[in-house]
Amino acid sequence: MKRDSISDLLAFMAVARERSFTRAASKLGVSQSSLSHTIRALETRLGVRLLTRTTRSVAPTEAGERLLETVAPRLQEIEAEVAAVSELGTKMAGSIRITAIDYVVDTVLWPRLRPLVAEYPDLKIEISSDYRMVDIAAERFDIGVRWGDQVAKDMIAVRLAPDQQMVIAGAPGYLAERGVPATPQELLAHNCIALRLAGGGLYAWELKSGDRELQARVGGQATFNSAYQMLNAALSGCGLAFLPQDLAWPHLQVGRLRAVLEDWCPVFPGLHAYYPNRRQSTRALTLVIDALRYRG
C-alpha cells in the first residue's frame, strides 16, 4: 500500500469518528475542502462509497463501517509501535490521558503523578473526572480508573488501592433531629443525598449484610454528581450520604460525621487502572502505570 493510501485511510477514520468534516479537518490540521477531496479520491480508488453525507451529518456506510472495524485497529497498532520506537531515546516524553472519578483524582492519582511531572518536563498528563463508564478506546483515553468489578475483561487491569469499605454517614445534628435508621427500609423516611448518574438516573445504594444484598433507591432534597458535593452536603446537616470510607474517614474521626447501618455497608473491589491490551506499550504509559501501581 502506498503512503498516500495510509494517509487517506487515517483521514477517513478521523471523519468517521468525528461524524463531521469540520471537526476532523480541525483535528488533522487541514482545510475542510482538502479533506473532502481526499475522501472522494479514496472512494474513487476503492470503487465504493465510504461515507453518507447530508447537510446535517456524516456517517459511515456499510463499507465504511467494515473498513473501520478491520483496518482502524491495525493502523492504531502501527501508530503505537511507531510511538514506542520513537521513545527509545533517552528523553522521556509523551501525552497520557486518564479518566477517573473526581475524588480519586485528588486522593490517589495526582499525589502519585505529581513527582513524575516534576521529573519529566516533556511528559504531559491530562485527567478528566467523570462518573460515566467511559469507552477509553473510542474516546482516546490511554488509561481508565474505576472499581475493580467495573473493568472490562479484555482490558489489562492494575490495582491502585485496596478494597474500599463504604459508609452511610450523617452529621450528628441531623441524626439527633431525624433519628438513627436501624434498618435499610428506614432510609426511605430519611433525607438521603443522592448521586445523579451520567445516564440520568439516580444511583441506588448497593447494600450488603452477610449473604443479603439489596439496592436502596433512596432520595431527598439534594442531588449531586460528585462525591465531594455529597460529602459537603452531609457535613452541613442536609442528610445521609453513601460515601467511600477513605473520603469520609477524617470527618468520622473527629465527630463531624457519624456512621450508621455499618452492618449493611459493603466492601467494593479496589480501584484499578485499566488500558487496552497492546503488544507494545509506550514508555510514557509504562512509567505512569508503574507510578500509580498499589504497593501494598
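Annotations for the structure displayed:
- Filter result for L247 (open to solvent by less than 30 Å² (accessible area, probe 1.4 Å), part of a helix (DSSP H, G or I) and touching a helix residue (DSSP H, G or I) at 6+ places or on another chain (Cβ under 6 Å)): yes
- Any hit, segment 224-237, residues being over 30 Å from I136 (Cβ atoms), in contact with a helix residue (DSSP H, G or I) (Cβ under 8 Å, 6 or more places away or on another chain) and part of a loop (DSSP other than H, G, I, E, B): yes
- Taking segment 132-157 as the range and being closer than 18 Å to W110 by Cα, crowded, with 18+ Cβ neighbours inside 10 Å and either in contact (Cβ under 8 Å) with a residue 60 or more places away in the chain or among the hydroxyl-bearing types (S, T, Y) (or both) as the test, the residues that pass are D142, I143, G144, V145, R146.
- Subset tally (residues that are surrounded by 15 or more Cβ atoms within 10 Å (Cβ to Cβ) and touching a residue at least 40 places away in the same chain (Cβ under 8 Å)) for segment 184-205: 7
- Pairing residues of segment 209-236 that are under 14 Å from H190 (Cβ atoms) and of a type in the set (G, A, S) with residues that are open to solvent by 60 Å² or more (accessible area, probe 1.4 Å) and assigned to a loop (DSSP other than H, G, I, E, B), at Cβ distances under 6 Å and at least 6 apart in sequence or on separate chains, gives no pairs at all.
- Across segment 272-293, not a single residue is classified as farther than 30 Å from R74 by Cα and open to solvent by 30 Å² or more (accessible area, probe 1.4 Å).
- In segment 31-43, the residues that are at pLDDT below 90 reach residues that are among the hydroxyl-bearing types (S, T, Y) with C-beta atoms within less than 7 angstrom, at least six apart or across chains, in these pairs: Q32/T22.
- Hey, I168 of a type in the set (A, V, I, L, M), within 19 Å of L207 (Cβ to Cβ) and open to solvent by less than 50 Å² (accessible area, probe 1.4 Å) or not: yes
- Candidate set: segment 206-227, residues that are farther than 20 Å from D263 by Cα and surrounded by 13 or more Cβ atoms within 10 Å (Cβ to Cβ); chosen: the one farthest from the chain's Cα centre (by Cα): G220
The values are calculated or read from the model by the stated rules, or taken from the named source; none is laboratory data. Note that this is a predicted model, so its numbers are computed, not measured. Neighbour counts run over all protein chains shown; Cβ positions are idealised from the backbone, glycine included. Side chains are part of the model used for accessible areas, which takes the heavy atoms of the whole protein and leaves out ligands, DNA and RNA. Shrake-Rupley method; radii C 1.70, N 1.55, O 1.52, S 1.80 Å.
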